[in-house]
Amino acid sequence: MPAYGITLDVKEVQAVLREQKIDAWLIYDFHGVNAIARELFDLEGHMLTRRWFFCIPQRGEPILLAHRIEETNFPPLPGKMWLYAGLPELEAQLAKLLKGCKRVAMEYSPRGAVPTVSYVDAGMFELVREQVAEIVSSANLVQYFTCRWSADQLDSHKEAAAVLHRAQAGAF
């Protein structure tokens with residue numbers, strides 16, 4: 001785990017966002033329902049009971065938008081922290097956070113086609129959609145940042161496959 005409570009390299013995410021012409025990746029969670037957020041953030045032992053968002057823009061600092069009562073509940077994260085209390089303030093902060101964004105990636109899958117990345121409820125989708133022209137699935141981002149092997153992992157896999165093949169040949 002890096003020094004921060006997040007497994008992502010923000011600068012690398014931003015480069016991929018620019019490449020894919022996505023203005024921001026808005027990671028949203030409520031009560032731990034977003035399995036992707038649980039994988040990307042080290043939140044073990046942090047009691048989080050309210051909605052929170054982590055926005056990684058194409059350029060600039062990431063922003064954590066969290067409820068005021070949870071100001072001290074998060075592990076250290078890169079960027080700034082914005083706070084809200086109540087739905088009107090959440091909506092206002094979200095509008096400010098997404099100002100200028102046209103395409104935003106979220107853990108959403110059109111028509112629920114890929115359920116392993118579909119964690120944004122319809123109400124939150126509607127709320128964000130009021131602020132941006134298009135919400136795109138973060139499926140490609142999730143795959144890119146969570147499913148790649150390091151060089152050591154690939155070498156280990158090749159070594160294990162060679163051992164398996166030798167065992168199979170010996171058995172026959």
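Which of the residues belonging to the range 28-56 are touching a Leu at 6+ places or on another chain (Cβ under 8 Å) and assigned to a strand (DSSP E or B)?
D29, F41, W52, F53, F54, C55, I56
Would you check which residues across the range 90-105 are without any contact (Cβ under 8 Å) to a residue 40 or more places away in the chain and in a loop (DSSP other than H, G, I, E, B) and list them?
The one that is without any contact (Cβ under 8 Å) to a residue 40 or more places away in the chain and in a loop (DSSP other than H, G, I, E, B): K99.
Which members of the range 57-71 meet the condition of being assigned to a loop (DSSP other than H, G, I, E, B), within 19 Å of G100 (Cβ to Cβ) and over 12 Å from the mean Cα position of the chain (by Cα)?
Scanning the range 57-71 gives Q58, R59, G60, E61.
Identify all residues within the range 1-18 that are open to solvent by 30 Å² or more (accessible area, probe 1.4 Å), aliphatic (A, V, I, L, M) and touching a residue at least 12 places away in the same chain (Cβ under 8 Å); write none if there are none.
Answer for the range 1-18, where residues must be open to solvent by 30 Å² or more (accessible area, probe 1.4 Å), aliphatic (A, V, I, L, M) and touching a residue at least 12 places away in the same chain (Cβ under 8 Å): M1, A3.
Looking only at residues that are out of contact with any Lys or Arg (no Cβ under 7 Å at 6 or more places or on another chain) and assigned to a strand (DSSP E or B) in the range 106-144, which one is surrounded by the most Cβ atoms within 10 Å (Cβ to Cβ)?
M106
Answer with yes or no whether A85 is at pLDDT 95 or above, out of contact with any strand residue (DSSP E or B) (no Cβ under 6 Å at 6 or more places or on another chain) and open to solvent by less than 70 Å² (accessible area, probe 1.4 Å).
Yes.
Output the residues belonging to the range 19-51 that are open to solvent by 30 Å² or more (accessible area, probe 1.4 Å), in contact with a Lys or Arg (Cβ under 7 Å, 6 or more places away or on another chain) and not aromatic (F, W, Y).
K21, D23
Does Q168 satisfy being over 19 Å from R38 (Cα atoms), of a type outside the set (A, V, I, L, M, F, W, C) and surrounded by 13 or more Cβ atoms within 10 Å (Cβ to Cβ)?
no
The values are calculated or read from the model by the stated rules, or taken from the named source; none is laboratory data. Predicted model only: the values in this text are computed from it and were never measured. Quick reminder, even Gly has a Cβ in these numbers, built from the backbone with ideal geometry, and neighbours come from all protein chains shown. Please note that ligands, DNA and RNA were not included when accessible areas were found on the heavy atoms of the full protein model with its side chains. Shrake-Rupley method; radii C 1.70, N 1.55, O 1.52, S 1.80 Å.
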